[in-house]
Amino acid sequence: MCSSDPNKSTRALALARSDFTIDYKQMLGKGTAGGVFGGILHNHSQISSPSLQGVSVAIKAIESKRSNGNADIYLEQMLTEVDMFQSIPKHKNIIHVFGFCSPSPTECFLIMELCTGGSLLEFLTKNRYRNSGDMAKGLRRSANLLGTMWKEYSNRDLLKFACDVACGVEYQEQLRIVHGDLACRNILLSGDGT
């Protein structure tokens with residue numbers, strides 16, 4: 001059974017636009033109403049250590065100029081997402097949301113933990129082995145060709161991904177939250193591949 005310390009509950013806080021910087025050249029993902037970009041979170045109360053000031057984050061941006069005239073719908077969806085994240089205590093298998101910012105009626109930003117390992121879909125696609133030989137051998141060859149952080153993955157490692165996903169979903173179920181779009185493209189890996 002998965003568990004999280006309920007005393008470590010953190011809520012997404014309203015941030016000022018000056019609390020973070022977006023790097024629009026570092027697109028991490030793209031959606032119909034905007035995109036997810038790399039950025040830096042500056043001097044924020046949820047960053048407890050001074051050594052972490054200026055932490056790298058992912059920033060989901062909804063801007064009317066990028067939303068093809070549907071900004072109201074997308075902004076409402078983003079605010080619903082913010083409300084949902086505020087109700088989730090911190091858990092190792094769920095993305096941590098630092099806060100949100102809505103500097104105008106036509107823009108909204110969700111500032112969250114940066115998972116440098118990319119999506120599970122990217123991992124499975126990039127590391128797909130090309131023949132019917134040993135799976136670990138194929139994954140090792142793919143990782144070496146791509147120059148990724150992954151050296152080698154066994155069936156046990158892939159099973160760990162499945163267990164981590166199940167743990168996060170079980171935790172959400174305990175909170176009476178339904179993910180609604182559970183797919184490999186929405187499962188993010190940390191830099192160490194977990």
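The values are calculated or read from the model by the stated rules, or taken from the named source; none is laboratory data. All figures in this text were calculated on a predicted structure; none of them were measured in a lab. All Cβ positions, glycine included, derive from the backbone under ideal geometry; neighbour counts span all protein chains shown. When the accessible area is computed, the model is the full protein with side chains, heavy atoms only, and any ligands, DNA or RNA have been set aside. Shrake-Rupley method; radii C 1.70, N 1.55, O 1.52, S 1.80 Å.
Things worth noting here:
- A simple charge model with +1 on the Cβ of Lys and Arg, -1 on the Cβ of Asp and Glu and nothing else charged puts the dipole of segment 73-124 at about 240 debye relative to its Cα centre.
- Ligands, DNA and RNA aside, TYR24 has an accessible area near 90 Å² when probed at 1.4 Å.
- Estimated at the nearest 10 Å², the accessible area of ASP72 is 120 Å² with a 1.4 Å probe.
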